[in-house]
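Trainee: This is the structure I have questions about; it appears just below.
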Amino acid sequence: MTRYDPQAVEAKWRDHWAETGIYEIDVRAVERPFFNLMMFPYPSAEGLHIGNVFAFTGVDIFGRFTAMQGHDVFEPFGYDAFGIHSENFALKQNTHPMTLIPSNISNFRGQMKQLGMRIDWGHEVDTTDPAYYRWTQWLFLQLFKQGLAEKRSAPVNWCPSCKTVLADEQVIDGRCERCSTEITHRDLEQWFLKITDYTERLLENLDSIDWSPIVKTAQRNWIGRSEGLETSFAVEGTSETLTFFTTRPDTIFGVTFMVLAPEHTLVSQITALEQKDAVDSYVSSAMAKTAIDRQQMERTGVFTGAYATNPLNAERIPIWIGDYVLSTVGTGAIMAVPAHDTRDFDFARKFGLPIKVVVAPPDWSGDDFEEAYTEQGTIVNSGEFNGMASDEASEAIVKKLERDGTGEHKVTYRLRDWLISRQRYWGPPIPIIHCPDCGPVAVPEDQLPVELPYVEEFRPTGTAESPLALVESFVNTTCPECGKNAKRETDVSDTFLDSSWYFLRYPSTSFDDRPFDAELTKKWLPVSNYIGGKEHSVLHLLYSRFITMALHDMGHLPFEEPYERFRAHGVLILEGAKISKSRGNVVNPDDYVASHGADTLRTYLMFSGRYDEGGDFSDKGIEGVYRFLHRAWDLVDRYRRQDGEPELPEEAERLRHRVIRKVTLDVAGLKFNTAIAALMEFSNELQRRPALHATEVRTLLLLLAPFAPYVTEDLWEQIGGEYSIHQQAWPAYDDELAMLLEVEVAVQINGKTRDVINAAAGSDEDVVVELAKQSERVQRYLGERPVVKTIFVPDRLVNFVIKP
RNA sequence: GCCGGGGUGGCGAAAUUGGCAUACGCAGCGGACUUAAAAUCCGCCGUCCCGCAAGGGACUUGUGGGUUCAAAUCCCACCCCCGGCACCA
C-alpha cells in the first residue's frame, strides 16, 4: 500500500512538465488555436494572494479542459508592474522599484509554477521591460498621430498624497483609489486620449459581444447615455447666450431661474456690477473646496444680477451661480425647474425663488407642491402644449425649437476623455518632445524606447511635475523636426495604457521589430476566453476595447473587439472585508501548498463556492477536499492490487456516462463546485465496488485532471497511462447512455409527497398512475375520495388532486 | 436615490429554471479497527410534536400577502447584506 504524498508528487511532475515542455506551444504551427487569457497581476512584494489563486485556478481549469477537448490552448502570463501601486510600495520600503520589481516577478513566477498552472513560460510579458514599453510608447504615438492623444488644460483630479493627477475612474467617492485621500481639483496641462470619439461604438457593440451581463451593465452605466434637448437663452442686455442641456424639454415653461457652475466661463462677463463682490467670493470659496466638500447636499449659491429670457414665454429668468451645477457635466449651466427637479426645488426653497408647476401629477388638486414632482404627467401652464402628455410635449417642444433654429435634439454621455499623464516616476515616459517652434513633436519611432532613466530620488515632487523633470540629461534634447534645443515630456503614462494592449503582445513576444505580428495576431486574436474580476469592468476592460477599436481603425488589427468571450469571476473576501495588503488580512497560499499541496488548494478553492460569486474565504472545509484526493489515491492503489478485472455492468457504464456529462457541462459553464461534487459522488460510488474496471478509473482521473493536475498525472502513470494525462482526450459521453433506466417518481396527494415509487424511465402516465395507486401509503390518503384531477410529470411525479 | 446580485440546516453550499428542498463537503454525535491516539471505514445528523421503539404527524428556503394541482423558483409589498453608479441637468 502506498501513501499519497502531495509534496513528492508535485515536485516530481513540476520538473517533468518543465523538462518535457508540455504547456509550451508553437504559436505558428498549431492548428486549433485557443487563446485562454487570465488578467495579468500587479506583482506585489507579498506575492500572490488567495484571491489571485482563486481567479487563476478557474482560468487554468478551463484551459486544461479545453486543451483535452483537442484545442491548442495558449495560456500565457505576465506582470502589470508599472504604476503608482508599485511605486508607493517602493517608497514605503525605501527600495528602488527597479530592484524591487524583478524580485517580485521571480517570486510570482515561482508561485504560479508551484500551483500547477499550465502556463506557456516562453511568452512572458513584463510591462516595465523596455522591450515591452517601447511598444506602449509606439501605441501612444499612433494615437497621437491620429489626433486621439492631445495635451490640454483641464480641471483635473489631484491627489495631494500621491501628488499626482488621477483619471475619473481612479476617484472613488471623491477619494483617491489608492490612498483614500480627499481629491482636490487643479487646472493643469494634461495628456488625454479621446475615448469619447468612440462612445457610441463602445456602447453599441455591447449588444453583440459575449460578455457577462454584469460587466456590460457596468459599462453602460459608466458611458451614461442620455437623450434630450440642447438650447440656449439670451442674456438680457448682452450679446451672450447661455447654452444648456436638459432631458426634460417638457418642463421648459417651468423654468424660474438658471444656475451656472462656479467655473463657467461666462460668469465674470455677465455678473452685474453690484453683485461682483458676492460672486467673486463665492467662486473662490467654491474652487477651494475638496471634491467631497462640494458634494455636500447643502444648497449654496449667489445671484449674478443678470437675467436671461425664456424665448418660449418671454419670461425674465434670473441667473444664479451654484456649486451643485458641475462644470464637467453637460454645458456647466442648467435651466432650473424647481417644481420638477428635487435639486432645483431645494435651491428655490432656500433662496425664495418661485416654483411653477408645468407637469400635473395624475390626481393633482392644483395646490403648491411639498416636494418636486419628477415623474411624467399632463402638461399645464405651457401655452400651446397644455394638455399633452410629457413625452408628447417633449417631442413637440424640441421640434418647435429645431424649426426656429434655436435648439436641437441631442445625445450626451457621461463618459469623458481618458486622462493618461501622471506626474510620477514609475511609468513609461510619454514619447513627446516639446519644441519652442514646432510645438509637441512625436519622438521618431526608430528612437524608441524613450528609456526611463534610473533616478535615485524618484519621490513625487508635488509640483505638478514628474521627478523626471529634474533629470537634465533626460529633459534636454533637440527637436526631431527642426533640430533646435527642445525639452522632453516628463510625464509618464497611466498603468492602464500598459494593460490596454498586453494581450496583443503575448503571441508575438519573440518579435523585437513590431509590437504584434500580423499573421500571429490574425491566428490568435481576438482572445477566445478571458476571465477576470468585475472590479475592472469600467477601467481595463473599457480602455482595452477603445485601444483595440482605434488600432483597428488605423489598419493594425482585423477586428475591433479584443475579447470574444469575457466572464467575470467573483471576488474573495476575508471576514467580510476586501482582501488587501493595507488591511493586513492577506492569506498566503504558499502555506496551504506546503501543508496540503497545490492540488488540494486548487480543488478546495473551486469547491467551496460559486466561481462567479466568490465570497468569504475560510479554510474550514479544506480537510474534506484533502481526504477526497487521498481517497482517489487509495482507490487507484486498490485497483492496482486487485486480481483480474471485473465485467463492467451496464448500470456502471451508464453512471460513468452520466458523470462525464455532468462534469463536462459544468466545467464548460465554469460551475466548478458542482463538477467537483459530482466527482466526489462518483468516487464514493466506486469505493463501494468490490473491484474496479479500468475504464472507470481512467474516467475518474481524466475528469479530475484539470482540477488536480499533479496527483492525476501520477496516478495516470501508475495505471500505465501514456504521458501526459493532460494531453489525453477528454472522455466522451453518450446522451442515450447517460439516461437513467429506472427513475424515482414522487406521488403526491394535493401537492404533498406521500410516497416515492420506482418506475422504468419514460413510463407512460397510465402505467405510473397504476403503480402509484397500488401504494399502501397512497391508498391510505386517498381512501374513498374520488380523484378530481391527476397531474403527471414524466419521470418526476404524479399528483392526485382530491377534494379536501 | 437609481441599476445589478443575493438572503436556503450549526457552517460552505446544491436544486435539471415551477415538479421529492437541503446533493456534495465541513463541523458534531454514535460505532468498528487500535493497548491507545492519529489515519481510515460504517451509521446518524433541518425544526417541533406523539411514541420505549419500529414508526407516524405537522412545519420549514429573510418577512407578509397572492397566483397555481404544485413556489426556494413567478407576481405584489416590505426588511437586511454585497457590488456598481450618483447633485449627470
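Trainee: Within the stretch A:25-36, identify whether any single residue is surrounded by fewer than 20 Cβ atoms within 10 Å (Cβ to Cβ), free of Cβ contacts under 8 Å to residues at least 24 places away in the same chain and out of contact with any Lys or Arg (no Cβ under 7 Å at 6 or more places or on another chain), and answer yes or no.
Mentor: Taking every residue of the stretch A:25-36 in turn, at least one turns out to be surrounded by fewer than 20 Cβ atoms within 10 Å (Cβ to Cβ), free of Cβ contacts under 8 Å to residues at least 24 places away in the same chain and out of contact with any Lys or Arg (no Cβ under 7 Å at 6 or more places or on another chain).
Trainee: Still on this model: Does A:L686 satisfy being surrounded by fewer than 16 Cβ atoms within 10 Å (Cβ to Cβ) and either among the small types (G, A, S) or more than 8 Å from RNA strand B (Cβ to nearest atom) (or both)?
Mentor: Judged against the criteria, A:L686 is not a match.
Trainee: Looking at the stretch A:416-460, which of its residues are buried (at least 18 other Cβ atoms within 10 Å of the Cβ) and among the hydroxyl-bearing types (S, T, Y)?
Mentor: Hits for the stretch A:416-460 are A:S421, A:Y425.
Trainee: Let me ask something additional. Pull up the stretch A:597-613, narrow it to residues that are of a type in the set (S, T, Y) and either free of Cβ contacts under 8 Å to residues at least 60 places away in the same chain or near RNA strand B (Cβ under 8 Å from one of its atoms) (or both), then point me to the one that is farthest from A:E535 (Cα to Cα).
Mentor: Filtering the stretch A:597-613 for residues that are of a type in the set (S, T, Y) and either free of Cβ contacts under 8 Å to residues at least 60 places away in the same chain or near RNA strand B (Cβ under 8 Å from one of its atoms) (or both), the one farthest from A:E535 (Cα to Cα) comes out as A:Y604.
Trainee: Filter the stretch A:96-118 for residues that are surrounded by fewer than 23 Cβ atoms within 10 Å (Cβ to Cβ) and farther than 14 Å from A:P43 by Cβ and give the result.
Mentor: A:H96, A:K113, A:Q114, A:R118
Trainee: Follow-up question, since we're still on this one. Would you mind stating whether A:K789 is under 47 Å from the mean Cα position of the chain (by Cα), loosely packed, with under 14 Cβ neighbours inside 10 Å and farther than 30 Å from A:E651 by Cα?
Mentor: no
Trainee: When you scan the stretch A:37-51, do you find a residue that is part of a helix (DSSP H, G or I) and either surrounded by 19 or more Cβ atoms within 10 Å (Cβ to Cβ) or at pLDDT 90 or above (or both), even just one? Before the answer, list the steps.
Mentor: From the stretch A:37-51, those part of a helix (DSSP H, G or I) are A:50-51; that's our starting set.
Cutting the leftovers down to either surrounded by 19 or more Cβ atoms within 10 Å (Cβ to Cβ) or at pLDDT 90 or above (or both) gives us A:50-51.
Checked against the condition, which is being part of a helix (DSSP H, G or I) and either surrounded by 19 or more Cβ atoms within 10 Å (Cβ to Cβ) or at pLDDT 90 or above (or both), the stretch A:37-51 yields at least one hit.
Trainee: Hey, can you tell me all the residues within the stretch A:727-774 that are of a type in the set (G, A, S) and within 30 Å of A:Y710 (Cα to Cα)?
Mentor: The answer is A:A729, A:A732, A:A738.
Trainee: Test A:E87 against the stated conditions and say whether it is assigned to a loop (DSSP other than H, G, I, E, B), acidic (D, E) and either out of contact with any His (no Cβ under 8 Å at 6 or more places or on another chain) or surrounded by 24 or more Cβ atoms within 10 Å (Cβ to Cβ) (or both). It would help to see each step written out before you state the result.
Mentor: Numbers: assigned to a loop (DSSP other than H, G, I, E, B): no; acidic (D, E): yes; either out of contact with any His (no Cβ under 8 Å at 6 or more places or on another chain) or surrounded by 24 or more Cβ atoms within 10 Å (Cβ to Cβ) (or both): yes.
No: the conditions fail for A:E87.
Trainee: Let me ask you something else. Within the stretch A:453-476, how many residues turn out to be assigned to a loop (DSSP other than H, G, I, E, B), farther than 22 Å from A:P160 by Cβ and not aliphatic (A, V, I, L, M)?
Mentor: Of the residues in that region, 3 qualify.
Trainee: Under 9 Å between Cβ atoms, at least 6 apart or on separate chains: pull out the pairs that start in the stretch A:620-644 with a residue that is more than 17 Å from A:T699 (Cβ to Cβ) and part of a helix (DSSP H, G or I) and end on any residue that is near RNA strand B (Cβ under 8 Å from one of its atoms) and among the acidic types (D, E).
Mentor: Listed by first residue and then by second, the contacts come to nothing, as the list is empty.
Trainee: Given the criterion within 24 Å of A:A738 (Cβ to Cβ), within 9 Å of RNA strand B (Cβ to nearest atom) and of a type in the set (D, E), identify the matching residue among A:D634, A:D616, A:D666.
Mentor: Sole residue among the options that is within 24 Å of A:A738 (Cβ to Cβ), within 9 Å of RNA strand B (Cβ to nearest atom) and of a type in the set (D, E): A:D666.
Trainee: Would you point out the residue of the stretch A:377-403, among those that are touching a residue at least 60 places away in the same chain (Cβ under 8 Å) and loosely packed, with under 14 Cβ neighbours inside 10 Å, that is nearest to A:L203 (Cα to Cα)?
Mentor: A:D391
Trainee: Hey, can you tell me all the residues within the stretch A:622-655 that are over 19 Å from A:G721 (Cα atoms) and basic (K, R)?
Mentor: A:R627, A:R631, A:R654
Trainee: Give A:E375, A:E298, A:E371, A:E395 a once-over and let me know the one that is in contact with a helix residue (DSSP H, G or I) (Cβ under 7 Å, 6 or more places away or on another chain) and either in a loop (DSSP other than H, G, I, E, B) or within 16 Å of RNA strand B (Cβ to nearest atom) (or both).
Mentor: None of the other options fit; the residue is A:E371.
Per-residue answers, yes or no, for (1) within 24 Å of the chain's Cα centre (by Cα); (2) in the same structural domain as A:G63 (by TED's automatic domain parsing); (3) modelled with pLDDT under 95; (4) not in a strand (DSSP E or B):
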{"site": "A:T99", "(1), (2), (3), (4)": "no, yes, yes, yes"}
{"site": "A:N104", "(1), (2), (3), (4)": "no, yes, yes, yes"}
{"site": "A:K113", "(1), (2), (3), (4)": "no, yes, no, yes"}
{"site": "A:Q142", "(1), (2), (3), (4)": "no, no, no, yes"}
{"site": "A:S153", "(1), (2), (3), (4)": "no, no, yes, no"}
{"site": "A:W158", "(1), (2), (3), (4)": "no, no, yes, no"}
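Trainee: Now, a different point. Do you know which residues across the stretch A:734-784 are more than 7 Å from RNA strand B (Cβ to nearest atom) and of a type in the set (G, A, S)?
Mentor: Within the stretch A:734-784, A:A738, A:A759, A:A760, A:A761, A:G762, A:S763, A:A772, A:S775, A:G783 qualify.
Trainee: On to the next question. Just to be sure I understand, how many residues within the stretch A:738-752 are without any contact (Cβ under 8 Å) to a residue 24 or more places away in the chain and over 25 Å from A:L665 (Cβ atoms)?
Mentor: Residues in the stretch A:738-752 being without any contact (Cβ under 8 Å) to a residue 24 or more places away in the chain and over 25 Å from A:L665 (Cβ atoms): 1 in total.
Trainee: Tell me which of these A:G644 doesn't satisfy, since it passes every other one: (1) closer than 26 Å to A:T57 by Cα; (2) more than 16 Å from RNA strand B (Cβ to nearest atom).
Mentor: (1)
Trainee: Within 16 Å of RNA strand B (Cβ to nearest atom) and under 20 Å from A:F559 (Cα atoms): is that true of A:D207 in this structure? Talk me through it step by step, then tell me what you get.
Mentor: On the way: within 16 Å of RNA strand B (Cβ to nearest atom): yes; under 20 Å from A:F559 (Cα atoms): yes.
In short, yes.
Trainee: Determine whether A:P731 is over 30 Å from A:E10 (Cα atoms) and more than 14 Å from RNA strand B (Cβ to nearest atom).
Mentor: no
Trainee: All but one of (1) within 11 Å of RNA strand B (Cβ to nearest atom); (2) closer than 24 Å to A:P160 by Cβ hold for A:A288, so report the exception by its number.
Mentor: For A:A288, the failing item is (1).
Trainee: Now a separate question. I'd like to check something: does the stretch A:610-617 contain any residue that is at pLDDT 90 or above and part of a helix (DSSP H, G or I)?
Mentor: No, every residue in the stretch A:610-617 fails to be at pLDDT 90 or above and part of a helix (DSSP H, G or I).
The values are calculated or read from the model by the stated rules, or taken from the named source; none is laboratory data. Predicted model, so just to flag it, every value in this text is computed and none were measured. Note: ideal-geometry Cβ built from the backbone for every residue, glycine included; neighbour counts use all protein chains shown.
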